[in-house]
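A short write-up of the structure that comes next.
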Amino acid sequence: KLMKVFITRRIPQEGMKILSAAGVRCEVSQWDSDEPVPRAELLKGIQGAHGLLCLLSDKVDAEVLEAAGPNLKVISTLSVGFDHLAIDEIKKRGIRVGYTPDVLTDATAELTVALLLATARRLPEGVEEVKNGGWSSWKPLWLCGYGLSGSTVGIIGLGRIGMAIAQRLMPFGVKRLLYSGRTAKPHAAEVNGEFVPLDTLVSESDFIVVSCSLTPETQGMCDKSFFSKMKPTAVFINTSRGAVVNQEHLYEALSSGQIAAAGLDVTTPEPLPTNHRLLTLKNCVVLPHIGSATYSTRGVMSALAARNLLGGLQGTDMPSELTL
Ligand code: GLV
Ligand code: GLV
């Protein structure tokens, strides 16, 4: 039987090769661009499809599922996050979901450490000063920031990625590692992690790293009250999802000096408009959602997404199936 597949973007060739070499007869149509598929094209492209390979920028809701029709068996997302998928609607229809955990853990943890150091040590500001002539001499009080040695780090969400971040930060001489979340994690012992209430983490940490998934509970969690409990010398880092943060409240906290600095790899919306006021702040470093962006990681992600898709089409095991 011929299986119809819709792919919402150009993806690394590793995944495309797996699809074309597969024993299943696939008729693949693809939005063959590096830019997002327009909604109307997605609704058209998915008609009658058995499988969808999508990205975190594609909102897959009831309208998309209705447009697909009853053939749709599997949705494979090229991401570890799945807050862009309407899970209840998907489950109701008996559709399986594949995602890409594990393979992007190291890359995302590395990027988080890079962003933390860049923000705390003010690297983007320094680079800018060298270019614009602001570097007039070595100055004892100039471009000082905050160091990890002897510090307290708080990780919100000690899952796979949070744990990998903790493992990378500990060798910098971190004194205490706090974490919060729904439950205490046995694996936290490996990094001497102390499970504490969120309020304790927020008020005692010198560095706060958000590494939890976006859920109704975590949406808008980092708000006015959260920032008001932070130390004025503390640095806030978010590499999970933008909507965990109330950006208006973050702007107020950064511009009033209530907190020292923020590094964000994720925002709402994405892309962040170039005239957004967060971008006017020197103490805010914003990256364009590049946590998993190494050549090899994106290649492995695309291969995994392709295998998940094929498993779903054939009704066999998927290497990384989301439990719905
Ligand atoms: C990236 O944010 C992902 O969910 O893979
Ligand atoms: C800095 O370059 C120093 O020598 O202290």
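Whether any residue in the stretch 226-242 is assigned to a helix (DSSP H, G or I), closer than 18 Å to CYS284 by Cβ and within 16 Å of ligand 1 (Cβ to nearest atom) is what I want to check. So that I can check it myself, show each step before the final result.
Going through the stretch 226-242, the residues assigned to a helix (DSSP H, G or I) turn out to be 226-229, 242.
Narrowing the set further to residues that are closer than 18 Å to CYS284 by Cβ leaves 226-228, 242.
After this cut, where a residue has to be within 16 Å of ligand 1 (Cβ to nearest atom) as well, the list is 242.
For the stretch 226-242, residues assigned to a helix (DSSP H, G or I), closer than 18 Å to CYS284 by Cβ and within 16 Å of ligand 1 (Cβ to nearest atom): present.
For residues that are near ligand 1 (Cβ under 10 Å from one of its atoms) and closer than 26 Å to VAL245 by Cα, tally how many sit in the stretch 280-297.
We begin by selecting, within the stretch 280-297, every residue near ligand 1 (Cβ under 10 Å from one of its atoms); these are 289-293, 297.
Subset that is closer than 26 Å to VAL245 by Cα: 289-293.
Adding up the residues that qualify gives 5.
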Can you tell me which residue among PRO36, PRO70 is surrounded by fewer than 16 Cβ atoms within 10 Å (Cβ to Cβ) and either under 23 Å from LEU264 (Cβ atoms) or within 16 Å of ligand 1 (Cβ to nearest atom) (or both)? PRO36
Output the number of residues of the stretch 187-210 satisfying the condition of being over 16 Å from LYS231 (Cα atoms) and surrounded by fewer than 16 Cβ atoms within 10 Å (Cβ to Cβ). 6
Filtering the stretch 277-324 down to residues that are among the polar types (S, T, N, Q), in a loop (DSSP other than H, G, I, E, B) and either modelled with pLDDT under 95 or farther than 30 Å from PRO70 by Cα (or both) yields ASN283, SER292, THR294
Out of all the residues in the stretch 280-307, which are surrounded by 15 or more Cβ atoms within 10 Å (Cβ to Cβ) and over 20 Å from the mean Cα position of the chain (by Cα)? LEU281, ASN283, ALA306, ARG307
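Does LEU115 satisfy the criteria of being at pLDDT 95 or above and within 24 Å of GLN258 (Cβ to Cβ)? Outline the logic, then answer.
Details: at pLDDT 95 or above: yes; within 24 Å of GLN258 (Cβ to Cβ): yes.
Criteria met by LEU115.
Results for (1) within 16 Å of ligand 1 (Cβ to nearest atom); (2) touching a helix residue (DSSP H, G or I) at 6+ places or on another chain (Cβ under 8 Å), shown as yes or no for each residue.
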site: ALA109; (1), (2): yes, yes
site: LEU117; (1), (2): no, yes
site: GLU129; (1), (2): no, no
site: ILE155; (1), (2): no, yes
site: THR183; (1), (2): no, no
site: VAL191; (1), (2): no, yes
site: SER203; (1), (2): no, yes
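If you scan the stretch 198-216, which residues turn out to be free of Cβ contacts under 8 Å to residues at least 24 places away in the same chain and in contact with a Phe, Trp or Tyr (Cβ under 6 Å, 6 or more places away or on another chain)?
None - no residue of the stretch 198-216 is free of Cβ contacts under 8 Å to residues at least 24 places away in the same chain and in contact with a Phe, Trp or Tyr (Cβ under 6 Å, 6 or more places away or on another chain), so the list stays empty.
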Conditions (1) part of a loop (DSSP other than H, G, I, E, B); (2) out of contact with any Lys or Arg (no Cβ under 8 Å at 6 or more places or on another chain) -> HIS187 fails only (1)
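The values are calculated or read from the model by the stated rules, or taken from the named source; none is laboratory data. Computed from a predicted model, the values in this text were never measured in an experiment. Note that we place each Cβ from the backbone using ideal geometry, even for glycine, and neighbour counts take in every protein chain shown.
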